[in-house]
Amino acid sequence: MEKSLKYALALGLSLMTLTGTYSVNAASKKQTTDTTDTTTKTGADKPAATVISSTDIDEQLPYHLSGGQVYSSTDLTDTFGNWKKFANTTWYSVKNVKMDRSSQGSGNSLFTEIQSGNKKYTAWVWHGYLQPITQGKFDIAAKNSELFANKKIVTLGDSITHGYDGSTNLENGTYPQWLQRYLNTSVDNLGYNGAFMASESTEGDFTPVVKKTNFADYDVATIAYGTNDYGHSRYTLDAIKEVMLDNIHEMKRENKKLIIYGILPITRYDNDINSDDITGRGNYTMNELRDMLSEVYQSEDIPVLDWRNDATQLITDNNRKYRLFDERLHPSARTYQMMGKEIANFMIENYPESAKETVPADKSKGKTTTDGKVKANSKKKASSKSKTKTTTTTKAKSKTTNKK
């Protein structure tokens, strides 16, 4: 009896040991299998490309991607993913890089080193996949941008509105072009190099532009003059105020429903000195000019973007050497994007309640406007309009003068 009991105990222990061993082996095998399944292959086995030459790009311009892989190094082996992962990312060109890809079965190719707008990624792409922000599909519309759906915008101003960087007129990356993307609508840019608020010395000054523009053709207008009045004119603040009011009243007469926004001048650095509290040729400081412009806009119930309050870090004494391309007055391409985003958000936040449209719950029935009319939702019309949304029209000719 005692021997039988010992035998049974020994048999039980053996079975437990075998079972435990099987469990451990099974778990180990399962863990190995799981690890294998989640391992991401890299380009470690792919031969590396080599750099033949590289050239720094003088001004980093904005693009979005239209295809290809986004490589994480000049080896052109590992990637951050393909272009679709970054379909709504703005990239800035940094260097042109000539690559030898013979080890990868290709010849020499021109790549571009790019950096994401938020500076999180530095990558390399084939140059042919870079597309200017004015072209192609690039959905970066701001929240509530639908307020401006089918609204036609016109931007009035000087060289900063036109898109001058102190050296050349940008064709890709002006703030009106960014407005077009952020507000997802059409924008006509009437900015003009050297234009004044209170003068008629150029065809781009406020008065001539108001005379030749039919504001009944537009739903929204932005006004951004003043820096040349401060820097190059002897007109007094009272004279500027009078001209300003006359032109605003004329715009309103032409279109009683016109939505107008005012944009104050950014800080300038003549002779490397912050101009905010320096008395200019008209016997007033830049801050005094801004205060007067702001008062006029507010007296006309026009929302005014004051960079001193709305974007205090846009241009400062500490950042102006890289935010201003000429280090004096004119923004770099990156700064123009910042301006465009700030202006777009300001326009959305200050969109007049009286102009807001009421959208019914069932959008398939159309959109109800404030006058009670219903606009049918037509896919054909939407498709037709989408083709025009990515074209910014510059009506005034580029004119580079010593007044910017």
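Nothing in this text is a laboratory measurement; each read-out follows from the coordinates by a stated rule. None of the values given here were measured: they were computed from a predicted structure. Cβ placement follows ideal geometry from the backbone for every residue including glycine, while neighbour counts extend to all protein chains displayed.
Kirkwood Rh and Cα-based Rg: tell me the resulting Rg over Rh for the stretch 176-305, rounded to two decimals. Please list the in-between numbers first.
Numbers: Rg = 14.7 Å, Rh = 15.3 Å.
Answer for the stretch 176-305: 0.96.
Mind listing which trypsin sites (Lys or Arg not before Pro) in the stretch 227-256 are in a DSSP loop and have 11 or fewer other Cβ atoms within 10 Å?
Details: sites: Arg234, Lys241, Lys252, Arg253, Lys256; in loops: Arg234, Lys256.
Within the stretch 227-256, the qualifying trypsin sites (Lys or Arg not before Pro) (loop, at most 11 other Cβ atoms within 10 Å) are Arg234, Lys256.
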Whole-number percent relative contact order across the stretch 83-152, with pairs defined as alpha carbons under 8 Å at least 6 apart: 24
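Shape of the stretch 61-104 from its Cα gyration tensor (a ≥ b ≥ c, root eigenvalues): rounded if a/c is under 1.5, otherwise prolate when a/b > b/c, or oblate? Can you show the working numbers first?
Details: a/c = 2.46, a/b = 1.43, b/c = 1.72.
Oblate, because a/c is 1.5 or more while a/b does not exceed b/c.
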Neighbour cut-off at most 15 other Cβ (10 Å), DSSP loop, GluC sites (Glu not before Pro), the stretch 134-222: Glu171, Glu200, Glu203
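Let me make sure I get this right: for the stretch 274-323, a, b and c are the square roots of the gyration tensor eigenvalues over alpha carbons, sorted descending. Under 1.5 in a/c it's rounded, otherwise prolate if a/b > b/c, else oblate. Which is it?
Details: a/c = 3.64, a/b = 1.28, b/c = 2.84.
Here the stretch 274-323 falls in the oblate category.
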Derived scalar couplings ³J(HN,Hα) [the stretch 253-270; Karplus, 6.51 cos²θ - 1.76 cosθ + 1.60; whole Hz; x for Gly, Pro]: 5, 6, 8, 5, 9, 4, 8, 10, 10, x, 10, 7, x, 7, 5, 10, 10, 6
Extension gain, Ala87 back to Ile278 (0.36 nm per residue minus Cα-Cα distance, nm): 64.2 nm
Cβ-based exposure ranking for Val154, Val296, in which fewest neighbours within 10 Å come first: Val296, Val154
Whole-Hz ³J(HN,Hα) from phi, Karplus 6.51 cos²θ - 1.76 cosθ + 1.60, for the stretch 132-141, glycine and proline x: x, 5, 7, 10, x, 7, 8, 8, 10, 4
Largest-first ellipsoid semi-axes for the stretch 90-229, taking √(5λ) over the Cα gyration tensor eigenvalues, angstrom: 37, 19, 12
Pair-distance profile P(r), taking every C-alpha pair of the stretch 50-132, with 10 angstrom steps and integer %: 20, 56, 23, 1
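When the chain is fully extended, how far beyond the present Cα-Cα distance does Phe80 get from Ala216, taking 0.36 nm per residue of separation? Could you put the intermediate results ahead of the total?
Working: separation 136, 0.36 × 136 = 48.96 nm, distance 4.84 nm.
In short, 44.1 nm is gained.
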Residue-by-residue Karplus 3J(HN,Hα) for the stretch 112-117, coefficients 6.51, -1.76, 1.60, Hz, glycine and proline x: 10, 7, 10, 10, 5, x
Inter-site label distance for Ala149 and Ser103 at 7 Å from Cα along Cβ, in nm: 5.3
Trypsin sites (Lys or Arg not before Pro) within the stretch 68-177: DSSP coil, no more than 13 neighbouring Cβ in 10 Å: Lys119, Lys120, Lys137, Lys143
Amide N of the stretch 287-309 lying under 12 Å from the label point, which is placed 7 angstrom from the Cα of Glu349 along Cα→Cβ: 304-309
